[in-house]
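The values are calculated or read from the model by the stated rules, or taken from the named source; none is laboratory data. Bear in mind the structure is a predicted one, so any value in this text is a computation, not a measurement. Ideal geometry is used to build each Cβ from the backbone, glycine not excepted, and the neighbour counts take in all protein chains shown. Ligands, DNA and RNA are excluded from the accessible area calculation, which covers all protein heavy atoms including side chains. Shrake-Rupley method; radii C 1.70, N 1.55, O 1.52, S 1.80 Å.
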Amino acid sequence: MKPAPFTYVRPKSLAEALGCLDDDGDAKLLAGGQSLVPLLNMRLVRPTTLVDINALPGLATISPTPDGGLVIGALVRHTDLLASPLVRERTPLLAAAAAHVGHRAIRNRGTVGGSLAHADPAAELPAAAVALDATLTIVGPAARRTIPARDFFVGPLVTALEPREMLTEIEIPGPVQRGWGFAEMARRAGDFAIAGVAGIVTPAAPGRGRSSTARLVAFGAGDTPLRLPGAAALLAGQPIDRALARAAGDVAARECTPRDDVHATADYRRHLVGVLTEQVVLDCAARLGS
Amino acid sequence: MSVALRLTVNSRTVERTVSARRSLAEFLREDLGLTGTHVGCEHGVCGACTVLVDGRSARSCLLLAAQLDGATVTTIEGLTPGDGLSPLQAAFRDCAALQCGFCTPGMIVTAHELLAEDRAPTRDAIREALSGNLCMCTGYVNIVRAVERAAAALRGERA
């Protein structure tokens, strides 16, 4: 047995789960376990209590909202996101991002909430959540609060969650964002990205490729999912063509803040962010045009 | 800390008390003697330990046995007929899709999930489905071919 000793609890209600977090300041939540269990096995984390939240009711649902958006429970598995007609119809960007998460067996267990709360800077779903301007619901001992995804990610593996809090759902606002794009570079299918970009372009009025606003988010290119406001500003109100997309890519490459690590150099990541931004912007425009 | 478990493994009810730290892979191999589930990387990368949990593929090295109270687990032993070979197993043999055999149980379990959902997968779909299972000696060409042959056999065609 590889992990350090811990007490295992499997609460049946949210209140009970929060009570478990309250009882032990070194407790950790276990959802899909696809990131946490390797960390336990390598003893990079040594929680004294493991709170298995898989038996909590009501957290594995995907519900439509009246404005055309979705509320997605924290325990929804990546496989269920991909299989959901609602997700494909209302948040196609999220479906595209989920398809890049690990492999089938990983997606069968891994959860939306777990991916967001783990906050790996190279992960797909956090970047998609920021690009989609999602709002996260957090429940704690005293109260329930909401936080925009863009404020949730604080640093590598660090979020705005307090020790006694739990992420319960993510809301993606409507209307459906049809001008979306998603691209990443990884050495093998299923690996974390070396770098990637998620984008949304919202048209001002009917018309080919004319944008009023854009949101571009890089991942694997900074300490958190990284918004690219300079590149997005360049697109505002402009008809998108290859030259403009290239220019946005150049700005994105300059404004991202990648680091060197064992997988790639910061320079290579910067180059990728430029190329992938150009591709994503063109994909956004093409989808708006079709 | 110990946890009392009651679960179904390969259609049989199993009751055991296990350490909370025991992985499903250890539980299957060491407590139940089901050594067909192989343990390779032990951090979810290689796919050798893949089993079905409630009908879906999962890495048994990334699950705690304690999580599986009430669950239904199927291992490679559970996918093997009492007599002879399953269509997937026969296809792996016929296509020379195994050399050392270490990755084979995980390959078969993963391919079983694919073929349960899609009896006529494209070659790309097969490659995508198997992308999380690493083979270090046979090579993937014959493995993909074996899954195609098994799919044809399950459709009642000769491949």
query: Just wondering, is there one or more residues in region A:13-21 that are within 12 Å of chain B (Cβ to nearest Cβ) and within 24 Å of A:VAL158 (Cβ to Cβ)?
result: no
Matching residues, region B:1-54, being of a type in the set (D, E, K, R), open to solvent by 80 Å² or more (accessible area, probe 1.4 Å) and more than 23 Å from B:LEU115 (Cβ to Cβ): B:ARG6, B:ARG12, B:GLU15, B:ARG16, B:GLU30
- prompt: In this structure, does B:ARG155 turn out to be crowded, with 18+ Cβ neighbours inside 10 Å and among the basic types (Lys, Arg)?
  reply: no
task: Kindly provide the set of residues from region B:108-139 that are away from every other protein chain (no Cβ under 12 Å), open to solvent by 90 Å² or more (accessible area, probe 1.4 Å) and in a helix (DSSP H, G or I), ordered by number.
output: B:ARG123
- line: Taking region A:22-54 and the residues there that are more than 8 Å from chain B (Cβ to nearest Cβ) and among the small types (Gly, Ala, Ser), the one that is nearest to A:ASP191 (Cα to Cα) would be A:SER35
In region A:237-269, the residues that are in a loop (DSSP other than H, G, I, E, B), of a type in the set (Gly, Ala, Ser) and within 18 Å of A:GLY199 (Cα to Cα): A:GLY237
- request: State yes or no: is A:THR277 surrounded by fewer than 19 Cβ atoms within 10 Å (Cβ to Cβ), in contact (Cβ under 8 Å) with a residue 12 or more places away in the chain and of a type in the set (Ser, Thr, Tyr)?
  value: no
- request: From the list A:ARG164, A:ARG109, pick out the single residue that is over 12 Å from the mean Cα position of the chain (by Cα), buried (at least 23 other Cβ atoms within 10 Å of the Cβ) and not β-branched (Val, Ile, Thr).
  value: A:ARG109
task: Taking only region A:109-138 into account, find how many residues are outside any helix (DSSP H, G or I) and more than 23 Å from B:CYS61 (Cβ to Cβ).
output: 9
message: Being under 19 Å from A:ALA131 (Cβ atoms) and open to solvent by 40 Å² or more (accessible area, probe 1.4 Å) is the filter here; which residues of region A:239-274 pass it?
response: A:GLU255, A:THR257
query: Do the conditions hold for A:GLY199, that is, is it within 18 Å of A:GLY69 (Cα to Cα) and open to solvent by less than 40 Å² (accessible area, probe 1.4 Å)?
result: yes
- prompt: Hey, which of the helices (runs of 4 or more DSSP H) in region A:60-108, taking only ones fully inside, have at least 3 residues that are under 20 Å from A:GLY190 (Cα atoms), at pLDDT 95 or above and away from chain B (no Cβ under 14 Å)?
  reply: A:92-99
query: Looking at region A:62-85, which of its residues are open to solvent by 50 Å² or more (accessible area, probe 1.4 Å) and either touching a His at 6+ places or on another chain (Cβ under 8 Å) or more than 26 Å from B:THR50 (Cα to Cα) (or both)?
result: A:PRO64, A:PRO66, A:ASP67, A:PRO85
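Let's see how each residue does on (1) among the basic types (Lys, Arg); (2) more than 9 Å from chain A (Cβ to nearest Cβ); (3) within 13 Å of the chain's Cα centre (by Cα):
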{"position": "B:SER11", "(1), (2), (3)": "no, yes, no"}
{"position": "B:GLU15", "(1), (2), (3)": "no, yes, no"}
{"position": "B:GLU26", "(1), (2), (3)": "no, no, no"}
{"position": "B:VAL39", "(1), (2), (3)": "no, yes, yes"}
{"position": "B:GLY44", "(1), (2), (3)": "no, no, no"}
{"position": "B:GLY82", "(1), (2), (3)": "no, yes, no"}
- request: State the number of residues belonging to region A:88-97 that are more than 9 Å from the chain's Cα centre (by Cα) and hydrophobic (A, V, I, L, M, F, W, C).
  value: 3
Failed criterion for B:ALA71 (all others in (1) within 18 Å of A:ASP52 (Cβ to Cβ); (2) touching a helix residue (DSSP H, G or I) at 6+ places or on another chain (Cβ under 8 Å); (3) open to solvent by less than 40 Å² (accessible area, probe 1.4 Å) hold): (2)
task: With respect to A:THR49, determine if the residue is buried (at least 23 other Cβ atoms within 10 Å of the Cβ), touching a strand residue (DSSP E or B) at 6+ places or on another chain (Cβ under 9 Å), β-branched (Val, Ile, Thr) and at pLDDT 95 or above.
output: no
- prompt: Can you pull out the residues in region B:135-153 that are more than 13 Å from B:ILE108 (Cα to Cα), β-branched (Val, Ile, Thr) and modelled with pLDDT of 95 or more?
  reply: B:VAL141
task: Name every residue in region A:189-212 that is at pLDDT 90 or above and not in a loop (DSSP other than H, G, I, E, B), in order of residue number.
output: A:ALA195, A:GLY196, A:VAL197, A:ALA198, A:GLY199, A:ILE200, A:VAL201, A:THR202
